[in-house]
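Trainee: The structure that follows is given in the form of structure tokens.
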Amino acid sequence: MGNLHKFEYEGKMISFEFSDGNKMVNATEMIKPFKNKRVNDFLRLKQTKGYILALERRYENSRNEDQREVLRVVQGGIPELQGTWMDEKLALKLASWLSVDFELWVYDRIYELLIQGKTELVTHRPNMGLVKSIRLIADQLEYHEKELGEIKEDLSHVKDYISDLDAKITSIDENYYSISGYCALNAIACPLDKAQKWGYAATKLSNQKDFPIGKAYDAKYGNVNTYHHSILEQAVK
């Protein structure tokens, strides 16, 4: 994990990691100023699940951003690195769910770090003329204005995507989740080999305990089985 930048919001310190190709915010720290709010409650929302899938698909299809993570869970080790970390776009969505004022504050900090990160490049070129340095900063600002503008465009596309996704979900009830949906909800890494293994285990347990198996459409995997959350708690290990 790269260098951390910490900012204070209502007496709570919130960490931002903008280095090594990642732009992430510590969601565990983001939630602390807000009583009765939990990261898992946000991740459980259908809109959030749809947004995460869309964001993962976008990064998978982008040559320039194929190393970026959407969610990262750090347990153990250095205390300040622990918690659930979110990509900047997902962090902004969490911030908007918590508070409009907080969303603006997070947006300002992200913009501040983008500017700071790029202007630091200029300090490594002491022999450049003043005019060239100013031109470089202007070009970098223009680039990041476009990048931030993409966030708003993404939100518009995701709204349409979520509406389509919701229309296709045909699971039994709200207590049923697909393997990938349950993993996303609980911030569990879900590579394909493990997803298949957990699916077999969940199917076997459902049959043993007479739990029906549902069906749902997953934007990433197509038609998939869904299982009762109590089954998934035992199967996904």
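Trainee: What about Thr84, is it modelled with pLDDT under 70 and in the same structural domain as Asp41 (by TED's automatic domain parsing)?
Mentor: On the way: modelled with pLDDT under 70: no; in the same structural domain as Asp41 (by TED's automatic domain parsing): yes.
Here the answer is no, as Thr84 does not meet what is asked.
Trainee: Okay, moving on. Conditions: (1) modelled with pLDDT of 90 or more; (2) among the hydrophobic types (A, V, I, L, M, F, W, C); (3) more than 23 Å from Asn40 (Cα to Cα). Ala202 meets all but one. Number of the miss?
Mentor: The failed condition is (3).
Trainee: Across segment 180-209, which residue is surrounded by the fewest Cβ atoms within 10 Å (Cβ to Cβ) among those that are closer than 22 Å to Ala27 by Cα and polar (S, T, N, Q)?
Mentor: Here the answer is Asn186.
Trainee: Does segment 96-114 hold any residues that are over 20 Å from Phe18 (Cα atoms), among the aliphatic types (A, V, I, L, M) and in contact with a helix residue (DSSP H, G or I) (Cβ under 8 Å, 6 or more places away or on another chain), and which are they?
Mentor: Leu98
Trainee: Being modelled with pLDDT under 90 and outside the structural domain of Ala216 (by TED's automatic domain parsing) narrows it down to one of Tyr9, Tyr59, so name that one.
Mentor: One residue alone meets the criteria, Tyr59.
Trainee: Right, another one. Check every one of the strands (runs of 3 or more DSSP E) wholly within segment 1-110 and list those with 2 or more residues that are loosely packed, with under 14 Cβ neighbours inside 10 Å and not hydrophobic (A, V, I, L, M, F, W, C).
Mentor: 4-9
Trainee: Give me the pairs, please: first residue somewhere in segment 68-79 and closer than 19 Å to Lys23 by Cα and assigned by TED's automatic domain parsing to the domain that holds Leu90, second residue anywhere and of a type in the set (Gly, Ala, Ser) and in a loop (DSSP other than H, G, I, E, B), beta-carbon distance under 6 Å, and either six or more positions apart or on two chains.
Mentor: Note: pairs meeting the criteria are Leu71/Ala187; Val73/Ala187.
The values are calculated or read from the model by the stated rules, or taken from the named source; none is laboratory data. Just so you know, these numbers come straight off a predicted model, no measurement behind them. No Cβ is skipped: glycine too gets one built from the backbone with ideal geometry, and neighbour counts run over all protein chains shown.
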